[in-house]
Every structure is written in C-alpha cells, then in structure tokens.
Amino acid sequence: MEQSRTLSGRSRFTAIFGDPVEHSLSPAMHNAAYAGLAMDRAYLAFHVTPDRLRDAIRAIPALGLLGVNLTVPHKQRAARMMARLSDEARILGAINCVVNREGVLSGDNTDARGLEADLREAGLELEAKLAVIIGAGGAAAAAVLAALRLGAGRIAIGNRTRARAQALARRFARHITARGKDRARATITTCGLDTLTRPDLLAQAALVVNATSIGLQGGGFIPLDYAATSDDCLFYDLIYAREPTPFLQSAAARGRRALDGAGMLAEQGELAFELFNGTPPPPGAMRTALLAALGRA
Ligand code: NDP
C-alpha cells in the first residue's frame, strides 16, 4: 500500500504525455517506486493532444521535469523533436522516454528492452528458432528487436497491410547489416494474416507475439491455427488487461503458455524510472503496483 506523501516547493516531477492518458497505469507504478524510496518526487499524467505536443515537449525543460514517458499517439513524432536520440530510438523510429539533462532533451525507447527482459524472465530461449510477430506498428518494431536480441534465427512479420510489414522488415534488414551485434544470422520474412491461419508457418514457431491492437476493444482474434504449434510455443500479447485477451484465451485453451504485456509494461517502466531518476526502483515495487491496478494482485 502506497504511503501518503506531502509535496513541497522542493519536489521534482516526472510525467506521461498521451491522448488519451486517463487509462495509463504508469502513474501508479512510478509513484509506488517513489513512495518505496521515500523520494520527494511525483509522476503526473498530462492529456496532450497532437496539436499541443510541441508546446508540451518545450515545457519539459521550462518546468524542470526530470523525464517524461510518451504514449499513443506521440511516440514517432516526438522522436523528431529531440536534441539527441539513443541508438535504440533510432532503430525503432520512436521514443517512449524523454530524459531532461540540464535542459537538453534525449529520446530513448525502453519497449524492446522491456519485452526482452520479460521474455527472458519467462525462460524463453529463441536460439536460432522462429519468432512470429503479428503487427507492423511501433510495438511490432520493439518485438522484432527483442526477438533479434533473444537470438531468433528467423522472424516472420505478419500484418493486415503487407506493405507495412515489408517496410518494417527492410528497416531491420538495414540495421542487421549495419550492426552485427543484433544477431546478423537472423532472416526476416513477411506475410499477410491469412498465412497465420494455416499450419505450416506456425508449426515451426517458438514464440508468437500479438503486437496489433486487436482485442483492445474486445471482440475475437484472427483464427490462428493454434493447434499446429509445438507444445512449448509461447504466446505473448503486448496488450494487458484485467482478463486474458482472446488471443491468449485461445492459446491457453490448447495448453500453450500464454503471457500478456503487463510484464513488459512493468519492465519498460523500471528502465524509464532509472533513466529519469538516476536510481533503480525498489525491486518488484512497480510490478506489484501494476498488478494491483489491474486487479490481479
Ligand atoms: P499501431 O497503431 O502502430 O499498430 C497497430 C497494429 O495493429 C498494426 O499492425 C495494424 O495493422 C494492426 N491492426 C489494428 N487493427 C486491426 C484489425 N482490426 N485487424 C488486423 N490488424 C489490425 O499500434 P502500436 O504498435 O503502437 O501498438 C500495438 C499494441 O501494442 C497496442 O494494443 C498497445 O496497447 C500495445 N503496446 C503494449 C506495450 C506494453 O508495454 N505492453 C507497449 C506498447 C504497445 P495495419 O498496419 O494493417 O493497420
């Protein structure tokens, strides 16, 4: 349970900008960490519409905010407003963190590292195996990078709009060529969603990630051939919710391991907290606060 805290004239602030932002669970996670460390800091949520994003970014040094998380729909545009970008932000073409270092704004992206950490914690080893990533937006880019870093031998990107999957594959092909460190052995292929309803591709997969927004508003998922996957195939939905998503429900019904994106959210939040505050959060504090906010504690 979070202790009540009194803010003072010396209190420092971090925040999230989004549109919408009311649903965000980041304030619960970050404020739990501040409470655990008894820091005179607080994390706020600001509803920032796209037409006010530039003003809001300029306000970060003006107000002395230590750091800001960005959520939909700002991640790509905000990247173009930074003085500096981390290598990871450049690869992903998007940022989820702005760090204010004495008035100079640096953009970083902790989504891929967050997903990688959560998959490692789940004991996943992708060494030379196939990862299927469904989706081709910003979250899918983070999933591709995480799969590369986990040593995938092959990555298949399946998306409704095939051209978008192909553009993502080209971006990573350039990255793999330019930087050997992210496992130059991996090959990246693309397909439409219909390919995922047939057994051939899924039968080879060690990991299937939903990086689309299907399921966010309820409704069913595309009819994947879950039964074709191997018994130890891990299904991971980047969406997190109180109840298992349709994608995860179907996987679990066939006895497959099924994890949602709450772990990734907690891990990316822990990385952001350390970037903003120069100190890590108390172990487990952010994850516990997140699960409580989701009613899953
Ligand atoms: P984008 O809007 O960039 O991409 C959305 C993707 O979903 C596209 O590939 C799009 O396909 C696909 N899609 C949407 N609706 C449909 C549909 N009806 N049928 C088929 N495909 C569809 O979103 P993001 O990449 O930013 O986010 C995707 C998801 O990941 C969100 O639900 C978000 O909440 C989650 N997320 C979770 C995080 C975490 O920490 N756990 C972090 C970041 C994101 P097309 O290209 O054809 O339009």
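For region 116-138, which positions are within 13 Å of the ligand (Cβ to nearest atom), at pLDDT 95 or above and among the small types (Gly, Ala, Ser)?
As a first pass, look at region 116-138 and keep what is within 13 Å of the ligand (Cβ to nearest atom): 116-119, 133-138.
Imposing the further condition that a residue be at pLDDT 95 or above reduces the set to 116-119, 133-136.
Scanning region 116-138 gives 117, 135, 136.
Which condition number does residue 276 fail, the rest of (1) touching a residue at least 24 places away in the same chain (Cβ under 8 Å); (2) surrounded by fewer than 19 Cβ atoms within 10 Å (Cβ to Cβ) being met?
(2)
Whether any residue in region 212-235 is free of Cβ contacts under 8 Å to residues at least 12 places away in the same chain, surrounded by fewer than 19 Cβ atoms within 10 Å (Cβ to Cβ) and in a helix (DSSP H, G or I) is what I want to check.
no
Based on this model, can you work out whether residue 252 counts as away from the ligand (no atom under 16 Å from the Cβ), surrounded by 13 or more Cβ atoms within 10 Å (Cβ to Cβ) and part of a helix (DSSP H, G or I)?
yes
Taking the conditions exactly as written (of a type outside the set (S, T, N, Q), within 16 Å of the ligand (Cβ to nearest atom) and either crowded, with 23+ Cβ neighbours inside 10 Å or over 19 Å from residue 30 (Cα atoms) (or both)), does residue 113 satisfy them or not?
Working: of a type outside the set (S, T, N, Q): yes; within 16 Å of the ligand (Cβ to nearest atom): yes; either crowded, with 23+ Cβ neighbours inside 10 Å or over 19 Å from residue 30 (Cα atoms) (or both): no.
Considered against the rule, which asks whether it is of a type outside the set (S, T, N, Q), within 16 Å of the ligand (Cβ to nearest atom) and either crowded, with 23+ Cβ neighbours inside 10 Å or over 19 Å from residue 30 (Cα atoms) (or both), residue 113 comes out as no.
Taking the options 70, 44, 7, name whichever one is loosely packed, with under 13 Cβ neighbours inside 10 Å and among the aliphatic types (A, V, I, L, M). Reasoning before the result, please.
On the way: 70 fails: loosely packed, with under 13 Cβ neighbours inside 10 Å; 44 fails: loosely packed, with under 13 Cβ neighbours inside 10 Å.
So the residue among 70, 44, 7 that is loosely packed, with under 13 Cβ neighbours inside 10 Å and among the aliphatic types (A, V, I, L, M) is 7.
Select from region 265-291 the residues that are within 16 Å of the chain's Cα centre (by Cα) and hydroxyl-bearing (Ser, Thr, Tyr) and list them in ascending order.
none
Quick one: count up the residues across region 56-80 that are in a helix (DSSP H, G or I) and either within 14 Å of the ligand (Cβ to nearest atom) or under 22 Å from residue 213 (Cα atoms) (or both).
Residues meeting the conditions: 5.
The values are calculated or read from the model by the stated rules, or taken from the named source; none is laboratory data. Nothing here was measured: the structure is a model prediction, and the numbers come from that model. Cβ coordinates were reconstructed from backbone atoms using ideal geometry, including for glycine residues, and neighbour counts include every protein chain displayed.
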